[in-house]
1. Among I58, I46, rank each residue by its count of other Cβ atoms within 10 Å, from fewest to most, as a rough exposure measure.
2. Using a 7 Å offset from the Cα along the Cα-to-Cβ direction at both A77 and F47, what is the distance between the two label points in nm, to one decimal?
3. Under a Cβ-Cβ cut-off of 12 Å, what is the net charge of the residues other than L84 that fall near it, where Lys and Arg count +1 and Asp and Glu count -1?
4. Would you mind checking the pairs K19/K52; K19/K54; K54/K75 and listing those with alpha carbons more than 22 angstrom apart?
5. Using the Karplus curve 6.51 cos²θ - 1.76 cosθ + 1.60 with θ = phi - 60°, what ³J(HN,Hα) values do you get for each residue of the range 50-66, in whole Hz, with x for Gly and Pro?
6. Which ³J(HN,Hα) values in Hz, rounded to whole numbers, follow from the phi angles of the range 27-34 under the Karplus curve 6.51 cos²θ - 1.76 cosθ + 1.60, where θ = phi - 60° and Gly and Pro get x?
7. Testing the spin-label approximation: label points 7 Å from Cα along Cα→Cβ at L84 and M65. State their distance in nm.
Amino acid sequence: MLLQMLHTYCMKKMSDHRKQAYLGEIAKGVGRCRAARNVGIDRTTIFRTMRKDKDFAIAVERAEMEAAQEAFGKKKAQRERERLRKQEIKRRLGLTNRRV
C-alpha cells in the first residue's frame with residue numbers, strides 16, 4: 001500500500017511539463033541524472049517513468065541520439081576547420097608538397 005502511494009506520488013510529480021523540460025535537457029547533451037536534477041526530479045523517478053511510459057522512454061533515447069549526433073557533427077566540423085587552417089599555414093609558408 002505504501003509503495004503504491006509512493007509510486008502514485010512520483011508519477012504525479014513527473015508531469016508532462018517536467019517530461020518536456022527533461023527531454024530539453026537531454027537534447028542539450030546533459031546526462032540523465034544531471035538532467036533530472038536540473039528539472040527537480042529524482043533520477044529514480046525518471047527511470048521508473050521510463051519503465052512505465054514506453055513513449056517517454058523512446059523520446060529520451062531519441063533525444064540522446066540527436067544530442068550525440070550533434071556533438072559528433074560539431075567535433076567533425078572542428079577537425080575539418082583545424083585541418084584547413086593547418087593546410088593554409090603550410091601554403092603560406094611554402095611547405096606544400098609540390099612536385100617538380
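1. Details: I58 11, I46 24.
Neighbour counts put them in this order, fewest first: I58, I46.
2. Taking the two extended label points, one gets 3.5 nm.
3. Values: positive: R79, R81, R83, R85, K86, K90, R91; negative: E80, E82, E88.
Residues near L84 contribute +4 overall.
4. Numbers: K19/K52 13 Å; K19/K54 13 Å; K54/K75 32 Å.
Long pairs (Cα-Cα over 22 Å): K54/K75.
5. Karplus-based 3J(HN,Hα) across the range 50-66 equals 5, 5, 7, 10, 5, 5, 5, 4, 5, 4, 5, 4, 5, 5, 5, 5, 5 Hz.
6. These are the phi-based 3J(HN,Hα) values: 5, 6, x, 7, x, 4, 5, 5 Hz.
7. Distance between label points: 3.0 nm.
Read-outs throughout are calculated quantities, based only on the coordinates presented, and are distinct from any laboratory measurement. Model, not experiment: these values are computed from the prediction. Using ideal geometry, Cβ is built from the backbone for each residue, glycine included, and neighbour counts are taken over all protein chains shown.
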